[in-house]
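All remarks here apply to the structure that follows.
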Amino acid sequence: MHPSDQLPLQKDITSRIDVSRLVRTFYSKVRLHDALGPIFNGIIDDWESHLERLTDFWEMILLQTGPGAGKFNPVAVHKSVDRQVNNSIEQRHFGNWLELWFRTIEELYQGENANYAKEHARNMAHILFFRILEGRSVKK
């Protein structure tokens, strides 16, 4: 293979602009996904605000910059979403989400922060699904 035939190396996630690009590219795929689209499109009525909030979240996670940790409560948000869709969120939804997230990262970025974005998302998906199930079993 000739060196000019190789694809250029992708850069890592290093700025809010990079995070925003990742979040916006990813959620454009989510909105069209057969299983995820109906959930997200049925609940989110202000996509611009949602994307900015998610950019804030991932900027905080990946770059340790932005609005700060106290602004986010992913467990409460995901429990609320599950209630709004009649407790229909399943493990496969998190699998679909992770598959799209990983694919989007791999299309756009590579490096330490890109790898951490995958690792953190995987851990977060497990915790969120467990907490959703736990919330369903709590008697009200």
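Summary table below
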item	result
ILE105 being in contact with a Lys or Arg (Cβ under 9 Å, 6 or more places away or on another chain), touching a residue at least 12 places away in the same chain (Cβ under 8 Å) and surrounded by 14 or more Cβ atoms within 10 Å (Cβ to Cβ)	yes
Search result, residues across region 84-126 that are modelled with pLDDT under 95 and of a type in the set (Val, Ile, Thr)	VAL85, ILE89
Test set (1) modelled with pLDDT of 95 or more; (2) in a helix (DSSP H, G or I) - ASP34 fails condition number	(2)
Filter result (within 15 Å of the chain's Cα centre (by Cα), under 22 Å from PHE130 (Cβ atoms) and in contact (Cβ under 8 Å) with a residue 40 or more places away in the chain) within region 59-85	ILE61, PRO74, VAL75, HIS78, VAL81
Among (1) of a type in the set (D, E, K, R); (2) surrounded by fewer than 16 Cβ atoms within 10 Å (Cβ to Cβ); (3) assigned to a helix (DSSP H, G or I); (4) free of Cβ contacts under 8 Å to residues at least 40 places away in the same chain - the single one ASP56 does not satisfy	(2)
Number of the exception - GLN110 against (1) in contact with a helix residue (DSSP H, G or I) (Cβ under 9 Å, 6 or more places away or on another chain); (2) closer than 26 Å to ASP12 by Cα	(1)
Qualifying residue in region 104-124 (condition: among the aromatic types (Phe, Trp, Tyr) and closer than 23 Å to ASP34 by Cβ)	no
Residue among ASN86, ASN41 that alone is more than 21 Å from TYR116 (Cβ to Cβ) and touching a helix residue (DSSP H, G or I) at 6+ places or on another chain (Cβ under 9 Å)	ASN41
Residues within region 82-107 that are hydroxyl-bearing (Ser, Thr, Tyr) and either in contact with an Asp or Glu (Cβ under 7 Å, 6 or more places away or on another chain) or more than 16 Å from VAL23 (Cβ to Cβ) (or both), tallied	1
Residue in region 99-106 that is closer than 24 Å to GLY135 by Cβ and β-branched (Val, Ile, Thr) present	no
Residue in region 71-83 that is at pLDDT 95 or above and in contact with a Phe, Trp or Tyr (Cβ under 6 Å, 6 or more places away or on another chain) present	no
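The values are calculated or read from the model by the stated rules, or taken from the named source; none is laboratory data. Computed from a predicted model, the values in this text were never measured in an experiment. A quick note on method: Cβ atoms are made from the backbone with ideal geometry, for glycine too, and the neighbour counts reach across all protein chains shown.
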